[in-house]
Structures are given as C-alpha cells and as structure tokens.
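**Student:** Below is one structure. I have some questions about it.
The values are calculated or read from the model by the stated rules, or taken from the named source; none is laboratory data. Note that the coordinates shown come from a computational prediction; the quantities given were computed from them, not determined experimentally. Virtual Cβ from ideal backbone geometry, glycine too; neighbours counted across all protein chains shown. What goes into the accessible areas is simple: the full protein's heavy atoms, side chains included, and nothing from ligands, DNA or RNA. Shrake-Rupley method; radii C 1.70, N 1.55, O 1.52, S 1.80 Å.
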Amino acid sequence: MANRRVIAYDSTLRDGAQAQGVSFSVEDKLKVVQRLDQLGIGYIEAGNPGSNPKDLEFFARVGELQLQHAKIIAFGSTRRIGIAAAEDKNLQSLLSANTQAVAIFGKSWDYQVTDILRTTLQENLAMIGDTIAYLKAQGKEVVFDAEHFYDGYKANREYAMQTLQAAVDAGADVLALCDTNGGTFPNEVFAITETVVKQFPSVQVGIHCHNDCEMAVANSVAAVQAGATQVQGTINGIGERCGNANLVSIIPNVQLKLGLDCISASQLSELTAAARFVSEVANVAFNDKAPYVGQDAFAHKGGMHIDAVNKNPKSYEHINPGTVGNERQILVSEVAGRGAILRKLQQIDPSLTKESDAAVKILEQLKALEHEGYQFENAEGSFDLLMQKLLGKFEPFFSLKHYNVNIDEPSAHAKNSRATIQICVNEQESSATAQGDGPVNALDKAMRQALEQFYPVIKDIKLVDYKVRVLDSNQATAAKVRVFIESTDQHSNWTTIGVSSDIIEASWLALKDALEYKLIRL
C-alpha cells in the first residue's frame, strides 16, 4: 500500500448543496473552487449543468479560473430509457459545461432498476455502456458512480458486477462505488471493494459514502485500505440526510495514519482554515468538536491531562495540531489546576512558578467566580484581564459613573431602546446617549460614543456573536444569566463574559471587558 497516491474528489458544491439549509450562489461556488484548488483537491464535482440556470452560469464562468491542481467535474445521469445517448438533452447539457471530466451515475442494484427506474436489467446495462461510450467519444474523462453498489452487490452480486463491467467495456476511467443509503459497515466495504479492485485492475476504483450510520469516514478509509485510489466526499461532511463522507477527516486519516500520498504537507497545514472557510460560505455553524480541525480537537481542560500535555504533547494528542493548521488550547477552569494557568501567567510575569502565591490566588479566585457562574474556558479575553488585575499589572482605561437604559414599546424605526452613559477617563468626564435595537445594542453604542474620542481604535471593534445562558432556571425571571460576547478587530477574535441576575448588567460587564481587552493589547 506504501507510495500509492489517493486522489481527493470533492462534491461539496453538488452533494453538499443538497443539505438542508445550504444554498451556494455562483459567487460562493467560485470562491469554494479556488479554496479547494489551493488545498490540493484533485477533482471538484460542481453541479449538474442540466438541472438549473445557476449551474449553467457557474460552468460558463469557472473556466476562466486558473486552477493549479483541481479538475472541474460536471455531474449527470446515464441516458434516458429507450433513446440514443446522442439525443439525450441532459447529456448535451453535460457536454455544454466544457469540463475535461464528467461523472455519470447509473444503477447497480437490480431492485432500483426494476422498481424505481421501471426498466429491464439489460436496458440499464445498455444505458450505462451507451452513455459512457458516447462521452468517451467526445474526449471526456469519465467517472462512473455506481449508485447503490454495496446494497446491489449484497442483493445480487452478479448483476452489480455486470454494471461495472459495462462501464469498463465502454471506457470508464474510474469506478466509484457508492454506499448511497449509508448503511454498509466497514468490514463489508473492505471485502467488497477488495473484490472489485482485483477484478478490474485496469481502472481506478473510487469510494463514495453517505453517513446514515455515522460510518462514512470509516467506510471510506476501509475502501482505501482495500485498494481504492479515489475518495469522494464533502468538506465538513455536509450533504443530504445525515451528510456525506467528511473529506476533512478522511484526508489526514489517509495521509497521516495510512502514510499514503494525498495532498502536500503545506496544503495539509491549510486544512483547518479551508474547513472553516467553507463552513462560513455555506452559512453552516462550524463543528467545534470536529476531529483534526475543530476548536476543541486539541483542547485540554482536566488538570492531569494538562500537566501531561505540558510535559509531552503525545500523552493526549495523536498528532501535532499544527500539521493540519490547528492549535493546542489549554482551557482554564476550576478543574484545571495551577499547571493550566501557569503558562498564561508566565506571559505576564515569566518569574512566576506553579507554587507562587499569585498562582494560588488566581486559582482560588477562578474557582470562586466559576461557582458564581463564570466560565472562562470560552472567554479568554476576560480571563486575561482577570490575571492582569490580580497580578497588579492592570491600569483601568476608564471607569463607569452611571448608565441608564430605557425601553419603549411599540418601537420607532426598529429602535426601541435609549441608553445614556457617563464615564471618566483620566479624570475627564464623558457622556453619550444612543438609540438601539434593544437595550444592549443601545448601551454598546452609547459606551463607544463616549470613549471613541479618547480611544479612536474602538471604531475597529465589531461584535461578532452574542450569547445568553440562563444559569438557574428554577429562579424564573430572577435567575442569573451568563453573557458571552465575541468581538473582532478584523485581525483576531476574542471572547468576554459577564454574569449577573440582570441581563443588562451581565452584558455591560462583557462589553466593558471586550473594549478593555483590545486596549491592553495596543
């Protein structure tokens, strides 16, 4: 198996676009193509030009891109029942995409042929052969997606293999075996794929898995171990139903665990950034628990784990996070112990040790605050400020004298709140009043207006996310709330926290920390 190259085949823009809530514009698709090309993806299946005007426009424009690695693939089906391939309008649309390669799907399960297509088994074989032969005559590289292959093989092995033979006889370049219903297990995928690889040594064998049993990645890796040289999937596993095989996990598994060549080491180091980019373009919440690329993939919270990782990362990390462009996170919490915060403390004062009074004091304060409802593992901006304050390294940039918030309903022009604030900077008082869409928005605007004359850099800070968590719901409307605010200055992001039984006060505490954290880094 050593030295074998495995080609990554991405179908995010076709299969991924079939996921609920996902809709790519033409501009979105062009951006994703360029990012996947930079990542070293071998094939990008980008849509069916015969299905909608948007895909027609995309294929007209994608040819203008100067791609370095990827081949664009147009996707379609075998010819219709009872007509010649040259007369099939969908095949003509497929050719109009002007791609070097095309993917054609055809049925490999006899049940699908007789009960879904409602045709004969022989006609289905003719549809596969005629379509591929016609496309090869037009000079196309052809990937045959053997739809429902594994279910078909288990139901009628002889016929499933006949569909592959029909494709090979017609000149198919790749046989992509599809676990379309996502119900096959890895041991089955391995055994069946190995049989296909041995029977068709003259063509490449690929794997296309769905995730209905949460085995799409495992099945894809099993197929590679059995000899497959092309792996189809989507970025972050997005797709219809439970999704498709996740290329973001498959690529490092193949490359780092099986030792096979897939993309270059420098491209692999872009994997995390690429995964997050596609998630953003698709407007899908990124999975922080995702293997390899998730924010939590190399996050350590337990005190014993942190101590071990600080001594030797291999103790609790299966790879170096930087290999895939991720990074280690040491989370601060009441269970972390002094070792967890020592590295952060030493960034402020390198002379501190685990036994220093300051380390003990900060840990005690941390536990007390978390008992009150604070949670610093996801609010490192506030935690850094806390450490600065407890170490006596913090000089306040401003102090609050007073704020007042009024809410009026019904609202006028979607602004139902007015906030007035008085602050003091270097013994100079400043006040401002602002209207906003809600009390927190009004308070945020008023605070910025009062401070911008002293600290113009505040104009660069944007609020990215605002989350509220009720801590003790049994107290009903008197319950404490925890507010997280994520901010950005276009160069980096940071998160701050506030806790109070008053949601406006909790928001004020988080907003205040957000601005102060930016100012201490100037």
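**Student:** Does ILE72 satisfy the criteria of being in a loop (DSSP other than H, G, I, E, B), under 20 Å from ILE235 (Cα atoms), open to solvent by less than 30 Å² (accessible area, probe 1.4 Å) and modelled with pLDDT of 95 or more? Even if it seems obvious, please write down each step before you answer.
**Tutor:** Details: in a loop (DSSP other than H, G, I, E, B): no; under 20 Å from ILE235 (Cα atoms): yes; open to solvent by less than 30 Å² (accessible area, probe 1.4 Å): yes; modelled with pLDDT of 95 or more: yes.
No: the conditions fail for ILE72.
**Student:** With respect to SER249, determine if the residue is more than 24 Å from the chain's Cα centre (by Cα) and either closer than 26 Å to ARG35 by Cα or open to solvent by 50 Å² or more (accessible area, probe 1.4 Å) (or both).
**Tutor:** Spelling it out, it is not the case that SER249 is more than 24 Å from the chain's Cα centre (by Cα) and either closer than 26 Å to ARG35 by Cα or open to solvent by 50 Å² or more (accessible area, probe 1.4 Å) (or both).
**Student:** What single numbered condition from (1) assigned to a helix (DSSP H, G or I); (2) hydrophobic (A, V, I, L, M, F, W, C); (3) under 14 Å from GLN68 (Cα atoms) fails to hold for LEU30?
**Tutor:** All conditions pass for LEU30, except number (3).
**Student:** If a residue must be among the aliphatic types (A, V, I, L, M), surrounded by 22 or more Cβ atoms within 10 Å (Cβ to Cβ), within 15 Å of the chain's Cα centre (by Cα) and under 16 Å from VAL248 (Cβ atoms), how many such residues does the range 5-26 contain?
**Tutor:** 1
**Student:** Then there's this: With the requirement that a residue be open to solvent by less than 60 Å² (accessible area, probe 1.4 Å) and either out of contact with any strand residue (DSSP E or B) (no Cβ under 9 Å at 6 or more places or on another chain) or not β-branched (Val, Ile, Thr) (or both), what does the range 87-100 give you?
**Tutor:** Here is the first cut: in the range 87-100, the residues open to solvent by less than 60 Å² (accessible area, probe 1.4 Å) are 88, 91, 93-95, 97, 99.
Hits for the range 87-100 are ASP88, LEU91, SER93, LEU94, LEU95, ALA97.
**Student:** Among the residues of the range 394-415, is there at least one that is more than 19 Å from LEU522 (Cα to Cα), touching a Leu at 6+ places or on another chain (Cβ under 7 Å) and part of a helix (DSSP H, G or I)?
**Tutor:** No, the range 394-415 contains no residue that is more than 19 Å from LEU522 (Cα to Cα), touching a Leu at 6+ places or on another chain (Cβ under 7 Å) and part of a helix (DSSP H, G or I).
**Student:** Do the conditions hold for ILE485, that is, is it surrounded by 14 or more Cβ atoms within 10 Å (Cβ to Cβ), more than 29 Å from PRO410 (Cβ to Cβ) and touching a Leu at 6+ places or on another chain (Cβ under 8 Å)?
**Tutor:** Considered against the rule, which asks whether it is surrounded by 14 or more Cβ atoms within 10 Å (Cβ to Cβ), more than 29 Å from PRO410 (Cβ to Cβ) and touching a Leu at 6+ places or on another chain (Cβ under 8 Å), ILE485 comes out as no.
**Student:** If you don't mind, there's one more thing I want to ask. Take the residues of the range 194-220 that are assigned to a strand (DSSP E or B) and of a type in the set (A, V, I, L, M, F, W, C): which is nearest to TYR9 (Cα to Cα)?
**Tutor:** Across the range 194-220, the extreme among qualifying residues is ILE207.
**Student:** Among the listed residues LEU331, LEU345, identify the single one that is at pLDDT 70 or above and either more than 22 Å from the chain's Cα centre (by Cα) or aliphatic (A, V, I, L, M) (or both).
**Tutor:** Going through LEU331, LEU345 in turn, just one is at pLDDT 70 or above and either more than 22 Å from the chain's Cα centre (by Cα) or aliphatic (A, V, I, L, M) (or both): LEU345.
**Student:** Considering only residues that are of a type in the set (S, T, N, Q) and open to solvent by less than 80 Å² (accessible area, probe 1.4 Å), look in the range 432-469 and name the one that is nearest to GLU486 (Cα to Cα).
**Tutor:** So the residue we want is ASN441.
**Student:** Considering only residues of the range 290-328 that are under 26 Å from LEU352 (Cβ atoms) and aliphatic (A, V, I, L, M), which is modelled with the lowest pLDDT?
**Tutor:** Ranking the candidates gives ILE306 first.
**Student:** Separate question: When the range 231-241 is examined, which residues are found to be over 15 Å from the mean Cα position of the chain (by Cα) and either within 21 Å of ASN326 (Cα to Cα) or surrounded by fewer than 24 Cβ atoms within 10 Å (Cβ to Cβ) (or both)?
**Tutor:** Pass one, the range 231-241, residues over 15 Å from the mean Cα position of the chain (by Cα): 231-232, 240-241.
GLU240, ARG241, listed by residue number.
**Student:** Please give the number of the condition GLY21 fails out of (1) at pLDDT 90 or above; (2) under 20 Å from PHE286 (Cβ atoms).
**Tutor:** (1)
**Student:** Kindly list the number of the only condition in (1) open to solvent by 10 Å² or more (accessible area, probe 1.4 Å); (2) touching a residue at least 12 places away in the same chain (Cβ under 8 Å) that fails for ASP288.
**Tutor:** Unmet for ASP288, out of (1) open to solvent by 10 Å² or more (accessible area, probe 1.4 Å); (2) touching a residue at least 12 places away in the same chain (Cβ under 8 Å): (2).
**Student:** Take PHE58 and tell me if it is under 28 Å from the mean Cα position of the chain (by Cα), of a type outside the set (Gly, Ala, Ser) and open to solvent by less than 20 Å² (accessible area, probe 1.4 Å).
**Tutor:** yes
**Student:** Also, I was wondering about something else. Considering (1) more than 29 Å from LYS393 (Cβ to Cβ); (2) among the hydrophobic types (A, V, I, L, M, F, W, C); (3) open to solvent by 50 Å² or more (accessible area, probe 1.4 Å), say which one ILE504 fails and leave the rest.
**Tutor:** Only one criterion is unmet by ILE504, namely (3).
**Student:** Filter the range 364-384 down to residues that are buried (at least 20 other Cβ atoms within 10 Å of the Cβ) and among the aliphatic types (A, V, I, L, M) and give me whichever is modelled with the highest pLDDT.
**Tutor:** Here the answer is ALA379.
**Student:** Name the single residue that is nearest to TYR466 (Cα to Cα) among those in the range 411-429 being touching a Phe, Trp or Tyr at 6+ places or on another chain (Cβ under 8 Å) and open to solvent by less than 10 Å² (accessible area, probe 1.4 Å).
**Tutor:** This residue is ALA419.
**Student:** Condition first: under 24 Å from ALA166 (Cβ atoms), touching a residue at least 40 places away in the same chain (Cβ under 8 Å) and surrounded by 20 or more Cβ atoms within 10 Å (Cβ to Cβ). Can you find one or more residues in the range 27-42 that meet it?
**Tutor:** no
**Student:** Among the helices (runs of 4 or more DSSP H) confined wholly to the range 101-193, which include 1 or more residues that are open to solvent by 10 Å² or more (accessible area, probe 1.4 Å) and under 21 Å from ALA218 (Cβ atoms)?
**Tutor:** Result: 149-155.
**Student:** Same structure, new question: Could you check, for the range 164-171, whether at least one of its residues is touching a Ser or Thr at 6+ places or on another chain (Cβ under 9 Å) and of a type in the set (S, T, N, Q)?
**Tutor:** no
**Student:** Confirm whether ALA46 is within 26 Å of SER269 (Cβ to Cβ) and crowded, with 21+ Cβ neighbours inside 10 Å.
**Tutor:** Numbers: within 26 Å of SER269 (Cβ to Cβ): yes; crowded, with 21+ Cβ neighbours inside 10 Å: yes.
Spelling it out, ALA46 is indeed within 26 Å of SER269 (Cβ to Cβ) and crowded, with 21+ Cβ neighbours inside 10 Å.
**Student:** Follow-up. Taking interchain pairs and intrachain pairs at least six residues apart, which have beta carbon atoms under 8 angstrom, with the first residue in the range 170-193 and in contact (Cβ under 8 Å) with a residue 12 or more places away in the chain and within 19 Å of VAL142 (Cα to Cα) and the second in a strand (DSSP E or B) and open to solvent by 40 Å² or more (accessible area, probe 1.4 Å)?
**Tutor:** What qualifies is ASP173/GLN204; VAL174/GLN204; LEU175/GLN204; CYS178/PHE105.
**Student:** Would you pick out the residues in the range 194-223 that are open to solvent by less than 50 Å² (accessible area, probe 1.4 Å) and of a type in the set (S, T, N, Q)?
**Tutor:** The answer is THR195, ASN211, ASN219, SER220.
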